[in-house]
Amino acid sequence: MNNFPAASFIIVSYLAGAIPFGLIFGKTMGGVDVRTVGSGNIGATNVLRGAGKTAALVTLFADALKGFIPALLAARIFSDDTVTALCGIAAVVGHNFPVYLRFKGGKGVATSFGVVLAVAPWTGLACLLAWAAAAAVWRYSSLAALIAFALYPLLTFAFHGDSRPLSLLSLFIFGLMYFRHRGNIQRLVAGTEPKIGQKQ
């Protein structure tokens, strides 16, 4: 493996992950700067609150792709779990801390799902089903994400425990997810967290 193209691809993964699709589609499709409404987050949940369902769905899909494509291409090009994991991490970090927005980004749920689906499709599908079930029952997007990404490292260690890079990737995404949702966790405990589609 040539280290230079691998390093370059990790940087490109970050820059792709940093593209603020929520801000772009919120403005172009809803005429709203989503940073000024609801939670101020650029993710699909806040786009739904501020710009409507269509903008939110497009944002969700685009945010997932910017995690899925870099991780998938890295796996195909380099055939190295370490490079793949680093590219996945870079994409998620890009969404959470985008250079284009002075490092103030989203919480990385859709982008993280994209990465998981690329590196471990069946694990990603299981996590998506867990998210959907939790969202349907409790109607809290944040709680659904927390449940889904708590499941992610458990499944990874069960089925991909022989790959140290993929195991560490799962722990990184799990840890960052809970760190970025610490405010949501406080509101869930206090009973003040808004439900899906509810104005904040």
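The values are calculated or read from the model by the stated rules, or taken from the named source; none is laboratory data. Bear in mind the structure is a predicted one, so any value in this text is a computation, not a measurement. Backbone-built Cβ (ideal geometry, glycine too); neighbour counts: all protein chains shown.
Mind checking which residues of region 31-53 are over 16 Å from Asn96 (Cα atoms) and surrounded by fewer than 18 Cβ atoms within 10 Å (Cβ to Cβ)? Walk me through how you get there before you give the answer.
Step one: list which residues in region 31-53 are over 16 Å from Asn96 (Cα atoms), which gives 31-33, 36-38, 48-53.
Within region 31-53, Gly31, Asp33, Thr36, Gly52, Lys53 meet the criteria.
Which residue is farthest from Val93 (Cα to Cα), if the candidates are limited to region 152-172 and must be buried (at least 18 other Cβ atoms within 10 Å of the Cβ) and among the aliphatic types (A, V, I, L, M)?
Leu155
Among all residue pairs at least 6 apart or on different chains, which show Cβ distances below 8 Å where the first residue, located in region 65-92, is farther than 14 Å from Ala16 by Cβ and the second is aromatic (Phe, Trp, Tyr)?
Ile77/Phe9; Phe78/Phe9; Val83/Phe9; Thr84/Phe78
What number goes with the only condition from (1) surrounded by fewer than 24 Cβ atoms within 10 Å (Cβ to Cβ); (2) at pLDDT 95 or above that Ala118 does not pass?
Result: Ala118 fails condition (1) only.
From the list Phe97, Phe21, Phe103, which one is surrounded by fewer than 17 Cβ atoms within 10 Å (Cβ to Cβ), out of contact with any Pro (no Cβ under 7 Å at 6 or more places or on another chain) and modelled with pLDDT of 95 or more? Show your work before the answer.
Details: Phe97 fails: surrounded by fewer than 17 Cβ atoms within 10 Å (Cβ to Cβ); Phe21 fails: surrounded by fewer than 17 Cβ atoms within 10 Å (Cβ to Cβ).
None of the others qualify; the one that does is Phe103.
What is the residue count in region 165-187 for residues that are farther than 18 Å from Gly108 by Cβ and not basic (Lys, Arg)? Before you say what the answer is, go through the steps one by one.
So in region 165-187, the residues farther than 18 Å from Gly108 by Cβ come out as 165, 167, 186-187.
This time we only want the ones that are not basic (Lys, Arg), so: 165, 167, 186.
Going through region 165-187 one residue at a time, the tally reaches 3.
Counting only residues that are hydrophobic (A, V, I, L, M, F, W, C) and in contact with an Asp or Glu (Cβ under 9 Å, 6 or more places away or on another chain), which one in region 48-88 is farthest from Tyr14 (Cα to Cα)?
Here is the first cut: in region 48-88, the residues hydrophobic (A, V, I, L, M, F, W, C) are 48, 51, 55-58, 60-62, 64-65, 68-69, 71-75, 77-78, 83, 85-87.
Pick out the ones that are also in contact with an Asp or Glu (Cβ under 9 Å, 6 or more places away or on another chain) and you get 74-75.
Numbers: Ala74: 13, Ala75: 16 Å.
Result: Ala75.
What number of residues in region 173-193 are within 15 Å of the chain's Cα centre (by Cα), surrounded by 18 or more Cβ atoms within 10 Å (Cβ to Cβ) and either at pLDDT below 95 or hydrophobic (A, V, I, L, M, F, W, C) (or both)?
The number of residues fulfilling the criteria is 4.
Taking region 1-36, which residues are among the β-branched types (Val, Ile, Thr), touching a residue at least 60 places away in the same chain (Cβ under 8 Å) and either under 11 Å from Gly106 (Cα atoms) or not in a helix (DSSP H, G or I) (or both)? Break it down stepwise before answering.
At the first step, the residues of region 1-36 found to be among the β-branched types (Val, Ile, Thr) are 10-12, 19, 24, 28, 32, 34, 36.
From the residues that got through so far, the ones that are touching a residue at least 60 places away in the same chain (Cβ under 8 Å) too are 10-11, 19.
Within region 1-36, just Ile19 meets the criteria.
Check Ile196 against each of (1) exposed (fewer than 15 other Cβ atoms within 10 Å of the Cβ); (2) part of a loop (DSSP other than H, G, I, E, B) and name the one condition it does not meet.
(1)
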